[in-house]
Each structure stands twice: as C-alpha cells, then as structure tokens.
Amino acid sequence: MRALTHCTIYTGKAILTHHAVLIDNEIIKDVVPQDLVPADVPTTDLQGHDLTAGFVDLQLYGGKTGFFVRDLSEESLTDMVETHRQDGTVAIVPTLYSTSLQRILKAIEVTKAYIASGKTGVLGLHIEGPFINFVKRGAHSAKEVRVPTQREIQQIINKSEGLLTVMTIAPEIWPEELLQLIQNSSIILSLGHTNATYQQAKSYFANGIHLATHLYNAMRPFESREPGVVTAIWDSPTANASIIVDGYHCDFATVRIAKQLMGERLFLISDATLAKIEPMRFVFKDFTANYDGQRLLNDTSLLAGSAITLLDAVRNCIQHVGIPKDEVFRMASTYPAQHIGVSDRYGKIKAGHSANLVVLDEGQKVVNQVKNGKFIA
C-alpha cells in the first residue's frame, strides 16, 4: 500500500485538500484525512499538484503511428493506448470511421483479442458509421456511407456480443425494423452524422438513444424555423453529447453556451485521427488528412478529425472556455465512464476504483501518473 499526499484531490464529486489517497496495486483503497494515514504506509508527496482520475476517451482513431481502421491489429491498439496515456488518458474506446463490413467484423475480433490477452487501456469499440446520412458524412468516405442491411446489422450484433460497443448512426436513414433490431441489442447507440429534424431527433432521444456524437459537427444545426438536431440535444433531458474542444471543430463560445444549457450532459472526446505528431500528410484509401501543426483537413478542406489528446481539450476548457477545473475533469473522466457503464471502475477517485491517476500542474501539464499503483512519468 502507498499514500499519495500533499495534493488537491479532484474525486469526481468533491475537491479535497489535506487528504491522502491510499492505493494498493491497481485499486484505490480509501481517501482519508492526511493525518489519518497509517504510520507504516509509505507516502509520496505530490508537492501541491492536482490529482484526478485518469481520462476516458470514447472517440479516437489513432495514436502516434497506429491508425486502427487501417491496421486492424493489437499493435495498433497498443500504440493508441501508449500515445494517449502520455497525456493522462487511461482508458480508450478505439473508433472506426465508415468502412466495409469485413473491416468492422475484423476490428471487433481484434479488440476482443486485445482485451482477452489481459492488456489494459481498451474498453471496447466505437463504430462510427457507415450507417449515417450521406449529406452529413463530413470526411467519411462517399463510397462507404450506406443504408444498413439486415445481414450487416445481424452480423455486427452477433460478432460484438460480449464486447462493449458504441455505434454512431443516423437513425432517419435506417429501415424501422433494423432500428428496432439494433436498439434491442447490447450496442450503445449514439446519434451522429445526421440530418434528422428537431422532431425526429427528439423522438429518437425519447425512445432509447441517449448519446449524440460530437455536438455541432455533422448534424443539422439550429435555425429559427427548424431547430435541428443541435437544439433537440439541448432540449432533451436524457440526451448526452460529446464535444471536440480543439478550437477548430467549434468556437469556444459555442462550447460555453452548450455547457450552460446542458450541464453534466456534455462530455469531452479527442476525436484524434492521430496524436502527438509533426506536420504531415496522411492517406489511407480515399481518406486524406493534412496536418499543419494545428488542425487536420482533407483535400477538400473539411476537418478530418483532430490531432489532440483529451488533455488538450481539458486545457482548452479551463483556459479558453472558462469552465471550472473540477467540472472539466469530470467532463473528461466521470461522465464518459458513466455513459458507457464503467463508472464502477473509472472516472472517480473512490475506494474500489482504478488506481490509474494523473498528477497535473497549474497549467494542466502532466507531472506524473500512477498506473497500477506505480509512478510511470
């Protein structure tokens, strides 16, 4: 056992000072007043820094070199885990953009194998498309975006059994019987890349879909006579939405407005195509991404994901949007963990939870990290 002392602890519920976190290998044993730490327990002085639960990213496609939809390998997943871990993300849901059924099924197989091998850091798989609205496809392949078939959906459901799976869909293009089929499965649905009307979106949220993918982007916007998907998300108490806070996918002012309207229903994703890279050009089949050191654009100047980590989004929310630090940490850890059903392990500094923690300085830079009870940075 070890005690982490002299830090400000952001538990996911409260902000604690003069307290210590007791950790035993991979698990948090307790959070206690500092003067109650047993005398025989070794201590680590965190020198007044912030201590928060590790971040949970529900949408990202690659690491520094690995790009999962291209590689479909455990090595690619390892690169994603290790790249984002450098910035405090301790659990990821690797994401596929619109691709063939064959690649989707292979990705499910590889992700299951990675988890079964005992490797950590991967929680499941996010299938973003291809069953999305063609007019809101963004940088997704025009060749791959399509209306689902019974065969495809049944195979995905069968193959993904036992794997935490999220799927971004545009339900307005789905045949009703297939929408019912997928909703009756264990797959978590998220509304995204959609041109649904306000009334349609409200209906989907009222009938079992509780997530929305990257608020504002690739969805029907707010207008005075057609409030659109954006307003349906704001206006539906059960709708929770991810948002990309890189300064390019949406203005910081729109992030602030969404936060005021949605409160705890808004959470962060990186949407990272790649991360921690130098300026480069990336090509896979008909997907192109040109990175100028700030943003990724395809050859038609559409945003092609981001090149940030969740820590960059956290920093932007604190420094540019003006959201209080404790709430931003929840947006990157507590809320994502809740939305995919892993809040019993991740997202809080609490007895029984994962001891994968992050130590940050006042500028939200990683000072140190705790992995399985040991410091790794």
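What percentage of the solvent-accessible surface of the chain, computed with a 1.4 Å probe over protein heavy atoms, is contributed by carbon and sulfur atoms?
49
May I ask you to derive the relative contact order of the chain, considering only C-alpha pairs under 8 Å and at least 6 residues apart, and to give it as an integer percent? Mind dumping the intermediate values first?
Details: 891 pairs, mean separation 75.3, N = 377.
About 20 percent, as a whole number.
So if I place +1 on the C-beta of Lys and Arg and -1 on the C-beta of Asp and Glu, and nothing else carries charge, what would the dipole magnitude of region 126-257 be about its Cα centre? I want it in debye, nearest 20.
On the way: 10 positive and 12 negative charges, 28 e Å.
Charge dipole, region 126-257, about its Cα centre: 140 debye, nearest 20.
At 1.4 Å probe radius, can you tell me the per residue accessible area of region 175-304 in Å²? Spell out each step's value before the answer.
On the way: 5700 Å² over 130 residues.
For region 175-304, the per-residue accessible area is 44 Å².
Give me the 1.4 Å probe accessible area per residue for region 319-370, excluding ligands and nucleic acids, in Å². Intermediate results must be reported in sequence, preceding the final value.
Numbers: 1820 Å² over 52 residues.
Result: 35 Å² of accessible area for each residue.
What trypsin sites (Lys or Arg not before Pro) does region 330-377 have in DSSP loop regions with at most 13 other beta carbons within 10 Å? List each step's numbers first, then the result.
Details: sites: R330, R345, K348, K350, K365, K371, K374; in loops: R345, K348, K350, K365.
The qualifying sites are K365.
Which value does Rg/Rh take for region 246-366 over its C-alpha atoms, Rh per Kirkwood? Walk me through the numbers before you get to the answer.
On the way: Rg = 16.0 Å, Rh = 15.8 Å.
Looking at region 246-366, the ratio lands at 1.01.
Against the longest principal axis of the chain, how steep is helix 150-159, in degrees 0 to 90 to the nearest 10, with axes from Cα atoms?
Once rounded, one gets 20 degrees.
Once you treat every alpha carbon in the chain as an equal point and sum by Debye, what is log10 I(q)/I(0) at q = 0.13 Å⁻¹?
-1.02
I need the peptides 31-38, 193-200, 154-161, 268-275 ranked by packing, meaning the mean over residues of other C-beta atoms within 10 angstrom, with the highest value on top. Show your work: numbers first, answer last.
On the way: 31-38: 13.5, 193-200: 20.2, 154-161: 16.9, 268-275: 27.9.
By packing density, highest mean first, the sequence is 268-275, 193-200, 154-161, 31-38.
Which value, in debye to the nearest 20, describes the size of the charge dipole of the chain about its Cα centre when Lys and Arg Cβ atoms bear +1, Asp and Glu Cβ atoms bear -1, and nothing else is charged?
On the way: 35 positive and 39 negative charges, 81 e Å.
The calculation lands at about 380 debye.
Whole percent per 5 Å bin, from 0 to the bin with the longest distance: what is P(r) over all C-alpha pairs of region 52-119?
3, 19, 28, 27, 15, 6, 2, 0
Can you give me the solvent accessible area of L303 with a 1.4 Å probe, rounded to the nearest 10 Å²?
Number for this one is 50 Å².
Considering only C-alpha atoms, what is the centroid distance from region 312-377 to region 143-164, in Å?
33
Along the Cα-to-Cβ line of T65, 7 Å from the Cα, sits a label point; which residues in region 270-310 have backbone N less than 15 Å from it?
275-278, by backbone N distance to the label point.
Tell me the per residue accessible area of region 7-160 using a 1.4 Å probe; a whole number in Å² is fine. Each step should come with its number before you reach the end.
On the way: 6130 Å² over 154 residues.
I get 40 Å² per residue for region 7-160.
Explain nothing, just the number: dipole magnitude of region 77-173 about its Cα centre with +1 on each Lys and Arg Cβ and -1 on each Asp and Glu Cβ, in debye rounded to the nearest 20. Kindly include the intermediate steps, with their values, before the conclusion.
On the way: 11 positive and 9 negative charges, 50 e Å.
So the magnitude is around 240 debye.
Determine, for each peptide in 244-253, 95-104, 42-51, the mean count of other beta carbons within 10 angstrom over its residues, then list the peptides with the highest first. Mind showing how you got there, number by number?
Numbers: 244-253: 18.7, 95-104: 21.2, 42-51: 15.9.
Per-residue Cβ counts within 10 Å, averaged per peptide and sorted highest first, yield 95-104, 244-253, 42-51.
Going down the table (K29/K276; K143/K259; K276/K374; K13/K365), which pairs top 30 Å between alpha carbons? Please report the intermediate quantities before stating the final value.
Values: K29/K276 34 Å; K143/K259 36 Å; K276/K374 24 Å; K13/K365 22 Å.
Checking Cα-Cα distances, K29/K276; K143/K259 exceed 30 Å.
Check which residues have an amide H placed less than 5 Å from H210's amide H, if you skip close sequence neighbours.
Under 5 Å from the amide H of H210 lie the amide H atoms of L189, each far enough along the sequence or on another chain.
What does the helix-only formula give at 222 nm for the chain: each DSSP H stretch with n ≥ 4 adding -39500 (n - 2.57), the total divided by the residues, and the result rounded to the nearest 500 deg cm²/dmol? Mind showing how you got there, number by number?
Values: 11 runs with 98 residues, N = 377.
Estimated from H runs of four or more residues: -7500 deg cm²/dmol.
Could you sort F282, F134 by accessible area so the largest value comes first, with the probe set to 1.4 Å? Before the final figure, lay out each step's value.
Numbers: F282 15, F134 100 Å².
Reading off the accessible areas and sorting them downward yields F134, F282.
Can you tell me which of G129, G138, G63 moves the most in a GNM of the chain? Springs connect C-alpha atoms under 10 Å apart.
Ranking G129, G138, G63 by mean-square fluctuation puts G138 first.
Could you tell me the accessible area of K112 in Å² (1.4 Å probe, neighbours in place), rounded to the nearest ten?
70
The values are calculated or read from the model by the stated rules, or taken from the named source; none is laboratory data. Not measured: the values here are computed from a predicted model. Quick reminder, even Gly has a Cβ in these numbers, built from the backbone with ideal geometry, and neighbours come from all protein chains shown. Keep in mind that these areas ignore ligands, DNA and RNA; they rest on the heavy atoms of the full protein, side chains included. Shrake-Rupley method; radii C 1.70, N 1.55, O 1.52, S 1.80 Å.
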